[in-house]
1. So S52 fits all but one of (1) in the same structural domain as N158 (by TED's automatic domain parsing); (2) at positive phi; what number is the exception?
2. Can you tell me which of (1) surrounded by fewer than 19 Cβ atoms within 10 Å (Cβ to Cβ); (2) part of a strand (DSSP E or B); (3) not hydrophobic (A, V, I, L, M, F, W, C) is the one P113 doesn't meet?
3. Among L155, L176, L140, L106, which is the only one that is closer than 16 Å to T51 by Cα and either in a loop (DSSP other than H, G, I, E, B) or of a type outside the set (K, R) (or both)?
4. Which of the following residues is surrounded by fewer than 15 Cβ atoms within 10 Å (Cβ to Cβ) and in contact with a strand residue (DSSP E or B) (Cβ under 6 Å, 6 or more places away or on another chain): E137, E174, E102?
5. For the condition among the hydroxyl-bearing types (S, T, Y), under 29 Å from M154 (Cα atoms) and without any contact (Cβ under 8 Å) to a residue 40 or more places away in the chain, what is the one hit in Y62, Y110?
6. For E91, indicate whether it is at pLDDT below 95 and not basic (K, R).
7. Output the number of residues of segment 25-70 satisfying the condition of being of a type in the set (V, I, T) and within 28 Å of F3 (Cβ to Cβ).
8. Restricting to segment 1-29, name every residue that is among the polar types (S, T, N, Q) and either modelled with pLDDT of 95 or more or in the same structural domain as E86 (by TED's automatic domain parsing) (or both).
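The values are calculated or read from the model by the stated rules, or taken from the named source; none is laboratory data. Just so we're clear, the structure is a prediction, and the values are computed from it rather than from any experiment. As a convention, Cβ positions derive from the backbone with ideal geometry for all residues, glycine included, and neighbour counts pool all protein chains shown.
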Amino acid sequence: MEFFEKQVETETVYEGLIVNVRRDIAELQNGNRASREVVEHPGGVGIVPLTSDNKIIMVRQYRYPMEEEVLEIPAGKLDAGEDPFECAKRELSEETGCTAGEYVNLGKIYPSPGFCRETLYLYLALDLKRGEMHLDENELLSVEEIDIDILINMLMENRLHDAKTVVGILKAKEYLKNA
């Protein structure tokens, strides 16, 4: 059985700098109608930069919606029409100062598909070369290198909460196990 919903009405209720919000009426496959609220987001990338000694370069920054500092993999928003791989290279350089000699595509995830159209593309960055960070204006973060096994323990102890970080680290660990 295939599930589907067909948009029959839509209304934009908010247009912002990063997201837009719309309210839709969808026709369900059983013929009923249901209200849906959708946050439109341009998508982004997350990068798992792995050093030659199995440490992941992480960033720590304050996340205003969560009202706390969050330890996460480097990441960023896609610009309009930007290729995710090019965005990943740009964000890795901006946030860590690194470039990578090799990238592995770890796939894409939908962080919250119940209401948000955001798609995140994940990459493992290997053969890192160090350089200078060049953060965006008002982007304040610190960089930390943490062993991948310590990060796995932190995940299991519920000390890492960012979805892209959890998925990226687990996928990187699995990739390394099978490489």
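1. Only one criterion in (1) in the same structural domain as N158 (by TED's automatic domain parsing); (2) at positive phi is unmet by S52, namely (2).
2. Going through (1) surrounded by fewer than 19 Cβ atoms within 10 Å (Cβ to Cβ); (2) part of a strand (DSSP E or B); (3) not hydrophobic (A, V, I, L, M, F, W, C) one by one, P113 breaks only (2).
3. Values: L155 fails: closer than 16 Å to T51 by Cα; L140 fails: closer than 16 Å to T51 by Cα; L106 fails: closer than 16 Å to T51 by Cα.
Matching residue, one of L155, L176, L140, L106: L176.
4. On the way: E137 fails: in contact with a strand residue (DSSP E or B) (Cβ under 6 Å, 6 or more places away or on another chain); E174 fails: in contact with a strand residue (DSSP E or B) (Cβ under 6 Å, 6 or more places away or on another chain).
Of the residues listed, the single one that is surrounded by fewer than 15 Cβ atoms within 10 Å (Cβ to Cβ) and in contact with a strand residue (DSSP E or B) (Cβ under 6 Å, 6 or more places away or on another chain) is E102.
5. On the way: Y62 fails: without any contact (Cβ under 8 Å) to a residue 40 or more places away in the chain.
It is Y110.
6. Working: at pLDDT below 95: no; not basic (K, R): yes.
In short, no.
7. Here is the first cut: in segment 25-70, the ones of a type in the set (V, I, T) are 25, 38-39, 45, 47-48, 51, 56-57, 59, 70.
The next check asks that each one be within 28 Å of F3 (Cβ to Cβ); those that pass are 25, 38-39.
Residues meeting the conditions: 3.
8. At the first step, the residues of segment 1-29 found to be among the polar types (S, T, N, Q) are 7, 10, 12, 20, 29.
Passing the criteria: Q7, T10, T12, N20.
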